[in-house]
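Only one structure is covered here, and it is reproduced in the block below.
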C-alpha cells in the first residue's frame, strides 16, 4: 500500500509491504537506484546506510514486543531521503507512522512550519518518536524489574518462581540490545553521508538524534546491570535456602532414629521387644516406619 503526503515542495511517500509495481513507479519518479528498489521488496536482516547521487538510503530496526512468543523482535523501517522527498517503507502496520502521517497532513492544511518544515526535520522527528517508543518499552521492563526485586525479599519460598521471571526479563533486554546495538555505527556512517549530501547544517539534526539514541542505550545498560545483580542475589538465596532445607530435613529424619536407638540402647532390666524372636528386624522396621512418616509429613507440607 502506498500513501503520499505533500506540503509545498516536499513530498512524503509511505510504503507498507510494497509491491513490485509500486516500487517501479517510485523508482522512475524519484530516480531511485535499482539496488535500493530491489531491497525495498523484502525485509533486510542488517541495518545499513548507503549514499547515492540523488538520495541517502538508510535501514534501521526497532524493537517491538510479540505477545504470542513474549519476546522482542525487530521491525524494519527503510528511509530514502532526497533533497525534497522522503520515502519510508515497512512490512507491517506501524502505528506511529500512521499518527505522524496525520500530523503531517494537518501541518500541510494549516500551513505550519514545524513537522513539515523540510526533509531532515521530518526524518528527525520520526526517528525521535521511534526512540521514544523504545524508552516506553524499557519503562515497562523496569517496572517488571522492580516487581521482581520486591518479591525476592518477601519472607516466602518464592525464589524458584523468580528464576523464570528473571530469565524472561534478561531475554527481553538481550533482544533489545541485539536490535539496537548496530544503531551506533549506522548513525556514525549516516553522519558522514548526511553532511556530504545536505551540508554542514545536517549535523545539528543528527547530534540531537544520537542524543536520543544514547538515552535509550543508557537506560538499557542500567536495566541489564540491575537484572544481572538481582539474578546473582536470587541464585545466592536459592543456594543458601537449599542447603538449609537439606540440613533441616536430614536432622528431622534422623531425629526419631536417634531416639529409638537411644531407647533400645538403655541398660535396664526390662526392655520391650528386646529378647523376642526377630527383635532386630522389628526395631529396624520401626526405624524405617518413622523415616517414612517424617518424609510423608515433609511431602504433605510441600517442603520437598
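The values are calculated or read from the model by the stated rules, or taken from the named source; none is laboratory data. None of the values given here were measured: they were computed from a predicted structure. Positions of Cβ are generated from backbone atoms using ideal geometry, with glycine treated the same way; all protein chains shown enter the neighbour counts.
Among the residues in the stretch 13-21, are any out of contact with any strand residue (DSSP E or B) (no Cβ under 7 Å at 6 or more places or on another chain) and part of a loop (DSSP other than H, G, I, E, B)? Yes: the stretch 13-21 contains one or more residues that are out of contact with any strand residue (DSSP E or B) (no Cβ under 7 Å at 6 or more places or on another chain) and part of a loop (DSSP other than H, G, I, E, B).
Within the stretch 86-104, if we keep just the residues that are surrounded by 20 or more Cβ atoms within 10 Å (Cβ to Cβ) and in contact with a helix residue (DSSP H, G or I) (Cβ under 8 Å, 6 or more places away or on another chain), the residue that is nearest to residue 196 (Cα to Cα) turns out to be 86. Note on the stretch 22-40: residues that are within 35 Å of the chain's Cα centre (by Cα) and either without any contact (Cβ under 8 Å) to a residue 24 or more places away in the chain or outside the structural domain of residue 83 (by TED's automatic domain parsing) (or both) total 5. How about the stretch 31-49: which of its residues are outside any loop (DSSP other than H, G, I, E, B) and crowded, with 17+ Cβ neighbours inside 10 Å? The answer is 36, 37, 39, 49. For the stretch 3-12, the set of residues classified as touching a residue at least 12 places away in the same chain (Cβ under 8 Å) and in a strand (DSSP E or B) consists of 3, 5, 6, 7, 10, 11, 12, listed by residue number. Could you tell me whether any residue of the stretch 139-155 is within 25 Å of residue 98 (Cβ to Cβ), modelled with pLDDT of 85 or more and surrounded by fewer than 16 Cβ atoms within 10 Å (Cβ to Cβ)? Yes, that holds for at least one residue. Set side by side, the residues 250, 291 differ, and just one is outside the structural domain of residue 49 (by TED's automatic domain parsing), modelled with pLDDT of 75 or more and over 35 Å from the mean Cα position of the chain (by Cα), which is 291.
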